[in-house]
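Some notes on the structure that comes next.
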Amino acid sequence: MTTPLAIGSLAPHFELADQHGTKISLSSFQGIKNVVLLFIPFSFSGICTGELCAMRDNLNAFQNDDVELLAISCDSVFTQRAFSEKEGYKFPVLSDFWPHGETAKAYGVFNEARGCAIRGTFIIDKAGILRWQVLNAMGDARHIEDYQSALAAI
């Protein structure tokens with residue numbers, strides 16, 4: 001894991017494929033939407049599934065005219081597609097598979113020993129500035145109420 005990002009700094013740029021193979025870049029939301037960026041360790045794992053299902057069940061708070069929800073793991077596009085279809089995710093689930101973990105590394109959440117991201121959550125405003133972050137250990141589930149409070153403060 002690298003050093004956490006500084007609040008108020010420009011969020012690292014990325015362009016990754018979603019579960020359908022469509023390229024999505026952070027800059028595509030600049031000037032349009034705030035972004036909630038969720039790094040998860042592994043698709044199909046219990047805690048990750050529970051967290052993303054909670055986001056799915058409260059999607060209007062995180063996917064609307066002002067906010068875009070993006071989930072990222074180091075799993076392949078094919079894994080992301082199967083995971084999204086099984087759980088009914090209607091938001092982008094991005095693959096940071098190759099170069100392996102490059103985006104997770106840029107955000108300071110890549111666990112070299114495990115080859116995956118830890119639970120990092122970042123809220124990026126419409127100008128591309130990091131406004132809030134929380135880093136949780138792999139086995140430590142996040143609370144969506146924290147995201148809602150952080151979004152309300154932007």
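The values are calculated or read from the model by the stated rules, or taken from the named source; none is laboratory data. Bear in mind the structure is a predicted one, so any value in this text is a computation, not a measurement. Here the Cβ is made from the backbone with ideal geometry for all residues, glycine too, and neighbour counts use every protein chain on show.
State which residue pairs qualify: first residue without any contact (Cβ under 8 Å) to a residue 12 or more places away in the chain and inside segment 16-32, second residue part of a strand (DSSP E or B) in any location, beta carbons under 7 Å apart, and separation of 6 or more residues or different chains.
Hits for this filter: K23/E15; K23/A17.
Quick one: is A6 touching a residue at least 40 places away in the same chain (Cβ under 8 Å), buried (at least 20 other Cβ atoms within 10 Å of the Cβ) and farther than 20 Å from Y89 by Cα? Steps first, answer last, please.
Numbers: touching a residue at least 40 places away in the same chain (Cβ under 8 Å): yes; buried (at least 20 other Cβ atoms within 10 Å of the Cβ): no; farther than 20 Å from Y89 by Cα: yes.
In short, no.
Let me spell it out: the conditions are (1) within 22 Å of D125 (Cα to Cα); (2) in contact (Cβ under 8 Å) with a residue 40 or more places away in the chain, and Q63 meets all of them except one. Which number is the exception?
Going through (1) within 22 Å of D125 (Cα to Cα); (2) in contact (Cβ under 8 Å) with a residue 40 or more places away in the chain one by one, Q63 breaks only (2).
Between a residue in segment 66-85 that is in contact (Cβ under 8 Å) with a residue 40 or more places away in the chain and any residue that is part of a helix (DSSP H, G or I) and among the polar types (S, T, N, Q), which pairs come within a Cβ distance under 7 Å, given they are 6 or more apart or on different chains?
Note: pairs meeting the criteria are I72/T103.
Name the one entry in L37, L16 that is under 11 Å from the mean Cα position of the chain (by Cα) and crowded, with 18+ Cβ neighbours inside 10 Å. Working first, answer last.
Details: L16 fails: under 11 Å from the mean Cα position of the chain (by Cα).
Matching residue, one of L37, L16: L37.
Results for (1) within 16 Å of A71 (Cβ to Cβ); (2) among the charged types (D, E, K, R); (3) touching a residue at least 40 places away in the same chain (Cβ under 8 Å); (4) exposed (fewer than 15 other Cβ atoms within 10 Å of the Cβ), shown as yes or no for each residue.
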site	(1), (2), (3), (4)
A104	yes, no, yes, no
N111	no, no, yes, no
C116	yes, no, yes, no
T121	yes, no, yes, no
G128	no, no, yes, no
G139	no, no, yes, yes
R142	yes, yes, yes, no
S149	no, no, no, yes
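I'm trying to understand the selection: among the residues of segment 45-73, which are modelled with pLDDT under 90, over 23 Å from S28 (Cβ atoms) and surrounded by fewer than 19 Cβ atoms within 10 Å (Cβ to Cβ)?
Within segment 45-73, S45, G46, I47, T49, G50, C53, A54, N58 meet the criteria.
Return the only residue of K105, K86 being over 21 Å from L5 (Cβ atoms) and at pLDDT 95 or above. Can you show your working first?
Values: K105 fails: over 21 Å from L5 (Cβ atoms).
Among K105, K86, only K86 is over 21 Å from L5 (Cβ atoms) and at pLDDT 95 or above.
Output the number of residues of segment 97-154 satisfying the condition of being in a loop (DSSP other than H, G, I, E, B) and within 12 Å of A11 (Cα to Cα). Break it down into steps so the answer makes sense when it comes.
Quick first cut of segment 97-154, residues in a loop (DSSP other than H, G, I, E, B) only: 97-101, 107-109, 112-115, 118, 125-128, 137-143, 153-154.
From what is left, the residues that are within 12 Å of A11 (Cα to Cα) are 107-108, 125-128.
Residues that pass the stated criteria total 6.
When the residues of segment 1-46 are narrowed to those that are part of a loop (DSSP other than H, G, I, E, B) and β-branched (V, I, T), which ends up farthest from T103 (Cα to Cα)?
Step one: filter segment 1-46 for residues part of a loop (DSSP other than H, G, I, E, B), giving 1-9, 11-14, 18-22, 30-33, 40-45.
Still in the running and β-branched (V, I, T): 2-3, 7, 22, 32, 40.
Details: T2: 12, T3: 14, I7: 18, T22: 16, I32: 22, I40: 12 Å.
The qualifying residue farthest from T103 (Cα to Cα) is I32.
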